[in-house]
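Novice: The structure under discussion is supplied below as structure tokens; questions concerning it will follow.
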Amino acid sequence: MNLVENLSLTSIGHRLDTSEEAFGELRDSSCLAGNGEELRVRIEEDGYLFMRGFFRREDVMAARAGLVERLAAEGVLQPGTDPMEAIIKKGHDITFRADLTAANASLKRLLYSGPMMEFYREFFGEPVRHYDFTWLRAMGPGHGTPSHCDMVYMGRGTREKLLTAWVPLGDAPLRLGGLMILEGSNRKQERLRHYLERDADNYCTNGRYAAEIEAGTRLWEWNGTLSKDQVSLRNKLGGRWLTTNYEAGDLLTFTMHTVHASLDNQSGDRIRFSSDSRYQPAALPVDERWVGENPPAHSMAAKRGRIC
Ligand SMILES: O=C(O)CCC(=O)C(=O)O
Ligand SMILES: [Fe+2]
């Protein structure tokens, strides 16, 4: 189809079926901006809201500039190239870099003030807060993220009124490996019940990994992945994998129950930058793993052990 042209797209090395029954374009809901009621109806239906051109391009690019500057200083980018192109130096490997957000005031402004906070206030119809941890992905060429629902990582506060925002920090055409949503998966909670009830930071104190987890040498007993094979997952759950050629300025927001994954980065030498961040009504309980000046994240402080 149009969206794919001649690309052979993969996710964790599995070649995706890009026929019209299996693959398609995200529905753009930007025409509903500013209308909380309609946005709520739409997300109930789709499990996500894709807001094309939500941010000003220059604001996104300012955040990107801060990221590539840091990587250039670290020697991760190919010398003699424009840092904004984010061309990785041969032999380097990069994926998750939450630390890159620390000194990036433009990124924090983009995600946690102005239009973004106003969007979620309008959506929830009440005062909102964001989580303090920013998941910053600097995905070099290679595998993307396996499918999962965010519930298993942040379901200890409100489980219904919490949304993820996925923001491409630069243009991210398909070959750069953007996010995909499994169509209709938000309405498959019953099928996914066993998965959705799990928590990636729980572990069995009498289990085989307990000693390593408690010593801090192993991050978790189970990493929250729903499937590494997006082709067979789609065959089981149905729906199409939905994505798009993302542009700087786009916002994709989705529920804790929405199944998502990302495409592999097949660009050869470019880094895909994106952030994920979270928003909820201020009056509701939060997931303590992700709030505060130094959020515990998945550290031992967040682990809950029990005898299994
Ligand atoms: O960007 C990715 O590869 C994964 C992002 C994700 O899982 C999220 O936004 O919740
Ligand atoms: Fe996620």
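Novice: Residues 184, 216, 207, 239: which one is modelled with pLDDT under 95 and over 15 Å from the mean Cα position of the chain (by Cα)?
Specialist: Exactly one of 184, 216, 207, 239 is modelled with pLDDT under 95 and over 15 Å from the mean Cα position of the chain (by Cα), namely 216.
Novice: Among the candidates 220, 241, 290, which residue alone is touching a Phe, Trp or Tyr at 6+ places or on another chain (Cβ under 9 Å), among the aromatic types (Phe, Trp, Tyr) and farther than 30 Å from residue 10 by Cα?
Specialist: 290
Novice: Moving on. Is it fair to say residue 39 is out of contact with any Pro (no Cβ under 8 Å at 6 or more places or on another chain) and in a helix (DSSP H, G or I)?
Specialist: yes
Novice: Restricting attention to segment 264-287, report how many residues are more than 14 Å from ligand 1 (Cβ to nearest atom) and under 16 Å from residue 71 (Cα atoms).
Specialist: Residues in segment 264-287 being more than 14 Å from ligand 1 (Cβ to nearest atom) and under 16 Å from residue 71 (Cα atoms): 2 in total.
Novice: Filter segment 235-254 for residues that are in contact with a strand residue (DSSP E or B) (Cβ under 6 Å, 6 or more places away or on another chain) and farther than 20 Å from residue 53 by Cα; which is farthest from ligand 2 (Cβ to nearest atom)?
Specialist: Among those that are in contact with a strand residue (DSSP E or B) (Cβ under 6 Å, 6 or more places away or on another chain) and farther than 20 Å from residue 53 by Cα, it is 240.
Novice: Residues of segment 255-301 being aliphatic (A, V, I, L, M), outside any loop (DSSP other than H, G, I, E, B) and away from ligand 2 (no atom under 14 Å from the Cβ), which ones?
Specialist: 300, 301
Novice: Looking at 176, 196, 162, which is the one that is in contact with a His (Cβ under 9 Å, 6 or more places away or on another chain) and at pLDDT 95 or above?
Specialist: Matching residue, one of 176, 196, 162: 196.
Novice: So residue 261 passes all but one of these: (1) free of Cβ contacts under 8 Å to residues at least 40 places away in the same chain; (2) touching a Ser or Thr at 6+ places or on another chain (Cβ under 6 Å). Which condition number does it fail?
Specialist: (1)
Novice: Something else: Scan segment 257-279 and give yes if some residue there is surrounded by fewer than 17 Cβ atoms within 10 Å (Cβ to Cβ) and of a type in the set (Val, Ile, Thr), otherwise no.
Specialist: Within segment 257-279, none of the residues are surrounded by fewer than 17 Cβ atoms within 10 Å (Cβ to Cβ) and of a type in the set (Val, Ile, Thr).
Novice: Let me ask another. Which numbered condition trips up residue 210, out of (1) within 16 Å of ligand 2 (Cβ to nearest atom); (2) closer than 30 Å to residue 308 by Cα?
Specialist: (1)
Novice: Right, next: Being of a type in the set (Val, Ile, Thr), within 12 Å of ligand 1 (Cβ to nearest atom) and more than 18 Å from residue 99 (Cβ to Cβ) is true for just one of 134, 145, 158. Which residue is that?
Specialist: 145
The values are calculated or read from the model by the stated rules, or taken from the named source; none is laboratory data. Computed from a prediction, not measured in an experiment: that's the story for all the values here. Every residue, glycine among them, receives a Cβ derived from its backbone with ideal geometry; neighbour counts consider all protein chains shown.
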